[in-house]
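Novice: Okay, here's the structure, questions in a sec.
The values are calculated or read from the model by the stated rules, or taken from the named source; none is laboratory data. Keep in mind that what you see is a predicted model, and the values were worked out from it rather than measured. FYI the Cβ positions are ideal-geometry reconstructions off the backbone, even for glycines, and counts take in every protein chain you see. In case anyone asks, the SASA skips ligands and DNA or RNA and just uses the protein heavy atoms, side chains included. Shrake-Rupley method; radii C 1.70, N 1.55, O 1.52, S 1.80 Å.
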Amino acid sequence: MPKTFYITTAIDYTNSPPHIGHAYEKILADVIARYHRLKGEKVFFLTGVDQHGQKVRQSAAKAGTPPSEFVKGITQKFVDLWKKLDVKYDEWAETTSERHKKVVQGILQRLWDEKQIYKDKQAGYYSIRQEQFLTDKERGPDGEFGPEWGQVEFREEENYYFKLEQHKKWLLSYIDPAGVGQDAVIPDFRQKELRNAVEKLSGDLCISRPKSRLDWGIELPFDKDFVTYVWFDALTNYISFAGYDPSVSTFNSVKERGSNGALRSQPATFRDRWPALQIIGKDILIPAHGIYWVIMLHAIGFPDDQMPQLLVHGWWNLGGAKMSKTAGNVIDPFVLADKYGPDALRYYLMSDIATGSDADFSEARLVNRYNSNLANSLGNLLNRTLNMAARYRDGRLKLIHAETPTGEEGIFDTIEGFHTPDGFVNLGDERIAKLPNACRAYIGMFDAHLVNAGIVHVFEYATSCNQLIDSRAPWKLAKDKSKQRELDAVLYHLSESLRIIAILISPVLPRAAHGIFDQLNWKMELSGKEERFSLADAQWGRLPDGHVVGKPVPLFPRIES
Ligand code: MSP
């Protein structure tokens, strides 16, 4: 049985409403999930919200609401946004849920029993405003703590610590270029950054907060005066909502620890899903995911070949500067989705950034890309094709078989020309051969999660179809009796190309893909259902002889500024 493709995102803090950065990450994960469904794989896409911790506690206090009420309100905003943007997840993670709490406490108890957690006293400078201990890193060039920390006092506090440093050697060997985890982080330059950070790793991780200073978290199962540190809680969501059971040992015997059989006693659903592809932003690779999370999994017995892969994306900035609530320059995805529609926003966020790099957000570029690629190129192609089919053939197509060097029809073959029921038509245009190449390039890029690089090929192909219309001039062919077969070949070529384009764009532009299928009159019975798209159908010649295409309806009306 093929395993489930398991994909996760970071879970978003519920201290403030969603912004464009959150939307980007969720859409990226949704597109990758949809692409794998398109390939016929079983997919489990998990996303959700991070509801505990100091940031949330502070925002709730500021709003004068109990934190449990406060997170409900913000959580709803995230749920509403994903619905609006057609982000279709299979499971929703909320860290205040009982199910999650049980797993976090189960893991803590186990690490405590195994003496991987210990209690210790910490003494140092503490910022009352930020509610955290400060280190020398927080000192300014003058050696003082800056005004952003407010009142700073010397404090002593007892806390629980997770023995992080003892796993440093293991982590270094795991992420070594010759190690099992040589591809643990994508892109590769982020893995190098991680290696540098791990080399400098020293000290253990404080995983508790006394309730006297933070009461909004998951209680330690072995000391009810403490809650656990928000990252220890949040990171666990990736396994708690995938069916991990902390009550059964990850491994069956000490000897088996870290070996291949180590997940054997876990529930079948969990084993079928795990490990995950985890999409995170560049700010939370070091130390949270690249160090804490991987070490946590190792400490509870996950073997090296059962570690998640981390796909690290860049950030959207504004005018070259970081977006932040305090700077007042956050972009509201609700406003953009209402103004331009979810597909326009999805297309912009997927096409104007390279996976892994940063980009600058610009509404003008969103409009520009929409008008040139969606309205002019794809929208026009659909409109012209259906108009010409209606005008010259009452919408009825003649089946044109593709001629390939192997004699077989398939997206991986080079199409040299087409057979009509009454003979071979060599369109004699090398553009025709671009479809199989575009499909191949698209698949290569999407398999590597390079969404922007993948969709470029589809839009280039749409442009070449528009060029085919210009060069073949069907309006001239229609007037010439000897060119009727060629006219049929051109109309079939354009309609069939549009059908395949709809399949390929469906992960990024699900609504437009449905629109194209509907207008082509293709598989109406599955209208609105995602299963109507399948990569296996991106094969030449599926529109049958005599198929009647529908009437054109503008798919992407131009945005006039
Ligand atoms: N709650 C933690 C993650 C816990 S995962 C176990 C968190 N939350 S967050 O709300 O601050 O960020 C959520 C995700 O959004 C992160 O992956 C972060 O990198 C991403 N982004 C936040 N701002 C962003 C941009 N401006 N651009 C792109 N992604 C951004 O961190």
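Novice: How much accessible area does residue 158 have with a 1.4 Å probe, in Å² rounded to the nearest 10?
Specialist: Accessible area, nearest 10 Å²: 90 Å².
Novice: Further question on the same structure: Please compute the per residue accessible area over the range 9-57 with all protein chains in place, 1.4 Å probe, rounded to a whole number of Å². Could the numbers behind the result be given before it?
Specialist: Values: 1040 Å² over 49 residues.
Accessible area per residue: 21 Å².
Novice: Right, next: When the Kirkwood hydrodynamic radius is evaluated over all pairs of different C-alpha atoms of the chain, what value in angstrom, to one decimal, is obtained?
Specialist: On the way: mean 1/r = 0.0381 Å⁻¹.
For the chain, inverting the mean 1/r across all distinct Cα pairs yields 26.3 Å.
Novice: How big is D, in µm² s⁻¹, for the range 211-360 by Stokes-Einstein at 10 °C and 1.306 mPa s if Rh is the Kirkwood radius over C-alpha pairs?
Specialist: Numbers: Rh = 18.6 Å.
My calculation gives 85 µm²/s for D.
Novice: Here's another thing I want to ask about it. Can you list the residues of the range 1-32 with backbone N under 20 Å from a point 7 Å past the Cα of residue 39, pointing along Cα to Cβ?
Specialist: What the label zone holds, given the 20 Å backbone N cut-off, is 1-9, 26-32.
Novice: For residue 20, what accessible area in Å² do you get when you roll a 1.4 Å probe over the heavy atoms of the protein chains, rounding to the nearest 10?
Specialist: Counting only protein heavy atoms, residue 20 exposes about 0 Å² to solvent.
Novice: Go from 0 up to the bin containing the longest alpha carbon distance in the range 3-56, width 5 Å each, and give me the % of pairs per bin.
Specialist: 5, 19, 24, 19, 14, 10, 6, 3, 0
Novice: Report the relative contact order of the chain, percent, no decimals, based on alpha-carbon pairs under 8 angstrom and at least 6 residues apart. Don't skip to the end; give the middle numbers.
Specialist: Working: 923 pairs, mean separation 82.0, N = 561.
Result for the chain is 15 percent.
Novice: Decide, for the range 478-561, between rounded, prolate and oblate: order the square roots of the alpha carbon gyration tensor eigenvalues as a ≥ b ≥ c, take rounded if a/c falls under 1.5, and otherwise choose prolate if a/b is larger than b/c, else oblate. Don't jump to the answer; show the numbers that get you there.
Specialist: Working: a/c = 2.17, a/b = 1.39, b/c = 1.56.
Oblate, since a/c reaches 1.5 and b/c is not below a/b.
Novice: From the C-alpha gyration tensor of the range 453-515, pull out the three semi-axes of the equivalent ellipsoid (sqrt of 5λ each), sorted largest to smallest, in whole Å. Numbers along the way, then the final one.
Specialist: Numbers: eigenvalues 152, 28, 12 Å².
Semi-axes from the Cα gyration tensor: 28, 12, 8 Å.
Novice: On a full-extension model of 0.36 nm per residue, what is the gain between residue 264 and residue 476, subtracting their alpha-carbon distance, rounded to one decimal in nm? Please list the in-between numbers first.
Specialist: Working: separation 212, 0.36 × 212 = 76.32 nm, distance 6.83 nm.
Taking 0.36 nm per residue and subtracting the Cα distance, the gain is 69.5 nm.
Novice: May I pose another question? Can you give the local net charge around residue 190? Use residues other than it whose beta-carbon is closer than 13 angstrom to its beta-carbon, Lys and Arg +1, Asp and Glu -1.
Specialist: -2
Novice: Per the helix-only calculation at 222 nm, which mean residue ellipticity applies to the chain, given -39500 (n - 2.57) for every DSSP H run of n ≥ 4 and division by its residues, nearest 500 deg cm²/dmol? Walk me through the intermediate numbers first.
Specialist: Values: 19 runs with 215 residues, N = 561.
Value at 222 nm, helices only, nearest 500: -11500 deg cm²/dmol.
Novice: For the peptides 507-514, 185-192, what is the packing order when you average, over each peptide's residues, the other Cβ atoms within 10 Å and list the highest mean first? Walk me through the numbers on the way to the answer.
Specialist: On the way: 507-514: 22.5, 185-192: 17.8.
Packing order, densest peptide first, comes out as 507-514, 185-192.
Novice: Continuing with this model, one more query. Step through the table entries 42/115; 434/523; 88/211; 77/529; 137/168, compare each Cα-Cα distance with 28 Å, and write down the pairs that go over it. Numbers along the way, then the final one.
Specialist: Working: 42/115 39 Å; 434/523 26 Å; 88/211 37 Å; 77/529 25 Å; 137/168 22 Å.
Those over the limit are 42/115; 88/211.
Novice: Quick one: compute the contact order of the range 184-342, relative version, from alpha carbon pairs under 8 angstrom and 6+ residues apart, as a percent.
Specialist: Working: 169 pairs, mean separation 35.1, N = 159.
Relative CO of the range 184-342 lands at 22 percent.
Novice: Between 330, 24, 536, whose Cα lies farthest towards the positive end of the dipole of the chain when Lys and Arg beta carbons carry +1 and Asp and Glu beta carbons carry -1, centred on the Cα centre?
Specialist: Highest projection toward the positive end goes to 536.
Novice: How many nm separate the modelled label positions at residue 197 and residue 360, each set 7 Å beyond the Cα in the direction of the Cβ?
Specialist: In this crude label model, residue 197 to residue 360 measures out at 2.7 nm.
Novice: Compute, for the chain, the length of the dipole vector about the Cα centre, with Cβ point charges of +1 (Lys, Arg) and -1 (Asp, Glu) only. Units Debye, rounded to 20.
Specialist: Numbers: 70 positive and 73 negative charges, 208 e Å.
Here the chain has a charge dipole of around 1000 debye.
Novice: Let me know the Kirkwood hydrodynamic radius for the range 113-220, please, with Cα pairs as the basis and the value in Å to one decimal.
Specialist: On the way: mean 1/r = 0.0600 Å⁻¹.
Kirkwood radius, the range 113-220: 16.7 Å.
Novice: Among 463, 66, 314, pick out the residue whose Cα is farthest towards the positive end of the charge dipole of the chain, where Lys and Arg carry +1 and Asp and Glu carry -1 on C-beta, about the Cα centre.
Specialist: 463
Novice: Next up: More than 20 Å apart: what percent of Cα pairs in the range 1-155 qualify? It would help to have the intermediate numbers written out before the result.
Specialist: Numbers: 7869 of 11935 pairs.
For the range 1-155, the fraction of Cα-Cα distances above 20 Å is 66 percent.
Novice: Given labels modelled 7 Å from the Cα in the Cβ direction, how far is it in nm from residue 128 to residue 65?
Specialist: Modelled inter-label distance: 2.8 nm.
Novice: Given a 1.4 angstrom probe, I'd like the percentage of the accessible area of the chain that is carbon and sulfur, rounded to a whole number.
Specialist: Details: 11960 of 23740 Å².
Carbon and sulfur atoms account for 50 percent of the accessible area of the chain.
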